[in-house]
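Worksheet: one structure, shown below.
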Amino acid sequence: MWLVLCASNDISALWAYRGLAARGLTPLELVSAEMLAYSVHWEHRLGADGVSIDITLADGRRICGENARGVLNRLLSVSSEHLLLANPADRDYATQELAAFFTSWLYALPQPVLNRPTPRGLSGQWRHVSEWVWLASKAGLPAPDYRQTSRDRVDGMGIERGLVPIGTPVSTVIVVEGHIVGTPLPAEIHEGCRRLADLSGTGLLGVEFAAGSAGLWTFAGATPLPDLRLGGQVLLDIIASVLRGELEENE
Amino acid sequence: MILLCGIPSETPLAMVREQLNRLNVPYVMFNQRKFASTEMDFEISRGRVTGEIQLENRSYRLEDFCGVYTRLMDDRLLPELKDEPANSPKRYYCRALHDTLIHWFEVAPTRVVNRTVPMGSNFSKPYQSQLIREQGFAVPETLITNDPDFVREFLKQHKRVIYKSISGIRSIVQTLEEGDLKRLDAIRWCPTQFQQFVEGTNVRVHTVDTKVFATAVSTDTTDYRYAYRQGGETELKAIELPDELASRCIGLSRALGLVFAGIDLKITPDEQVFCFEVNPCPAFSYYEANTGQPIARALVGYLAGTG
């Protein structure tokens, strides 16, 4: 069994699900974050015999870790609407417990998983923009200067930051286990993207560029949750091969 | 120069300061409670990280710090913000300052104990247990479920079972008793963790880079951290670990990206070693105060690059 895990409104993932099914990955199960939250049975075990996960969804489907052959994981958050009626203290506690639980059972799924969960995010290495700039520089990509100060404006949720103004045209490439799909790149940028994915420990990574202070290919951001449609059919071919275990990492 | 971050009176931080004073190692302190008079900035240009922090009207170049020891409390809970509304400029400034500091920790080309991100594994205990397993430690038999029948079966199998939180929220480890079984239906709302109780000696291992300090903890309670609340007693004693186990503890800390870690082991009567958890921000002072182990001194040595 292969799995596509995503929010029910993740159009990009729904598109990928159809494309992967058309490539013969069967059985291929589409499981939304909301369905997972309402699962009727959870059983996650750790011990001397290894690690296991067994889930029965409300619609009767069963997800058993040992039967999973490959996972496209686009989960962003844990749905906790079913806790709305709980008292606030219990709700906060349960929400944190669920987030911790999801990280663990997703990590327990056998490889390949694009992307594996980390403490930074259920679908991979979500990093602050300062870290992306730093890593991009280490990867040899032309990165803009980055500055942060204690006098920066903070919104209610945090600090809004972007490397380029909203609306700036960007070119996106998607790196999947060392294979790069998207806008054709100069050789050194191509190599830099692979190094960035490697340094950031991200199997599937979207990398954006814009004309800017560091030249035509100025690093403009990276995400473990890119719009897969930007990679087109070629990207789906690669993802299908990775999930089948046919494609080795491109060295 | 070393930078300390946190609340000066907090015991672990105070112990590190005491050692810094004793060893004549220069340091400055970012006192969170004085956030309003602190300013900071950093810049990344062509991969080089530079910046400045202003403390008590004196400026320090960030690149001059050879080490940083941080024990930041949640800045939203600082007493100075108690009466501030959610959208007050003071609150926003405090958040922006801490945001700047925390993100500098991640990219700072210096010794940071510990960087923020590696500390994240502890936010999900079973996730961290999987990482611990990968490093060759035994972990207790664990069941996380929302099915009461599975819990009853697990209890029948292991006879003595404990339950505890799996997230970063601290909970007191409790033994699953007959009375708890009557309210097991509550777990249907949220999968809950149950663990085989492992008989043996609790051992807390502090690793500081390549140094290892092991403390055996004897207790008559389920969770020795709360022995006094449960009317029990706890005794701490410094011990030496076999070289192989000490190396494995260092390897585990490194695998988690931690320079300084508090590793909770239990060694069974047949000498099997179980690892329960790795604390990425250990309050080592309790152990040092009770055993005299020079943990703060080792920390200072690491931060100063002399240890």
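Does the stretch A:215-246 hold any residues that are farther than 14 Å from residue A:20 by Cβ and either touching a helix residue (DSSP H, G or I) at 6+ places or on another chain (Cβ under 9 Å) or buried (at least 18 other Cβ atoms within 10 Å of the Cβ) (or both), and which are they?
Within the stretch A:215-246, A:217, A:218, A:219, A:220, A:221, A:222, A:223, A:224, A:225, A:226, A:227, A:230 qualify.
Taking the condition of being of a type outside the set (A, V, I, L, M, F, W, C), touching a Pro at 6+ places or on another chain (Cβ under 8 Å) and within 29 Å of residue B:193 (Cβ to Cβ), how many residues in the stretch B:283-307 meet it?
Of the residues in that region, 1 qualify.
Test of understanding: among A:139, A:68, A:86, A:58, which residue is farther than 30 Å from residue A:212 by Cα and either in contact (Cβ under 8 Å) with a residue 40 or more places away in the chain or assigned by TED's automatic domain parsing to the domain that holds residue A:207 (or both)?
Checking each option against the conditions leaves just A:68.
Output the number of the condition that residue B:37 fails; it satisfies all remaining conditions of (1) in contact with a Cys (Cβ under 9 Å, 6 or more places away or on another chain); (2) at pLDDT 95 or above.
(1)
Looking at the stretch A:81-91, which of its residues are under 25 Å from the mean Cα position of the chain (by Cα) and more than 9 Å from chain B (Cβ to nearest Cβ)?
The answer is A:81, and nothing else.
Could you tell me which numbered condition residue A:182 fails, if it satisfies all but one of (1) more than 14 Å from every other protein chain (Cβ to nearest Cβ); (2) on the phi > 0 side of the Ramachandran plot; (3) out of contact with any Ser or Thr (no Cβ under 8 Å at 6 or more places or on another chain)?
All conditions pass for residue A:182, except number (3).
Quick one: count up the residues across the stretch A:92-138 that are of a type outside the set (Lys, Arg), assigned to a loop (DSSP other than H, G, I, E, B) and at the interface with another protein chain (Cβ under 7 Å from one of its Cβ atoms).
2
If you take the residues of the stretch B:139-173 that are of a type in the set (Val, Ile, Thr) and assigned to a strand (DSSP E or B), which of them is surrounded by the most Cβ atoms within 10 Å (Cβ to Cβ)?
Ranking the qualifying residues of the stretch B:139-173, first place goes to B:144.
So, in the stretch B:281-307, of the ones that are closer than 12 Å to residue B:259 by Cα and of a type in the set (A, V, I, L, M, F, W, C), which residue ends up surrounded by the most Cβ atoms within 10 Å (Cβ to Cβ)?
B:303
Considering every residue within the stretch B:99-120, establish whether at least one is under 21 Å from the mean Cα position of the chain (by Cα) and within 17 Å of residue A:101 (Cβ to Cβ).
Yes, the stretch B:99-120 contains a residue that is under 21 Å from the mean Cα position of the chain (by Cα) and within 17 Å of residue A:101 (Cβ to Cβ).
Among A:46, A:25, A:75, which is touching a Pro at 6+ places or on another chain (Cβ under 9 Å), surrounded by 21 or more Cβ atoms within 10 Å (Cβ to Cβ) and part of a loop (DSSP other than H, G, I, E, B)?
Just a single option satisfies the conditions, and that option is A:75.
Do we have residue A:154 as among the hydrophobic types (A, V, I, L, M, F, W, C), more than 21 Å from residue B:189 (Cβ to Cβ) and at the interface with chain B (Cβ under 10 Å from one of its Cβ atoms) here?
Yes; evaluated as a whole, the condition is true for this residue.
How many residues does the stretch B:200-220 hold that are at pLDDT below 95 and acidic (Asp, Glu)?
Residues that pass the stated criteria total 1.
The values are calculated or read from the model by the stated rules, or taken from the named source; none is laboratory data. No experiment lies behind these values; they were computed from the predicted model shown. Cβ: placed from backbone, ideal geometry, glycine included. Neighbour counts: every protein chain shown.
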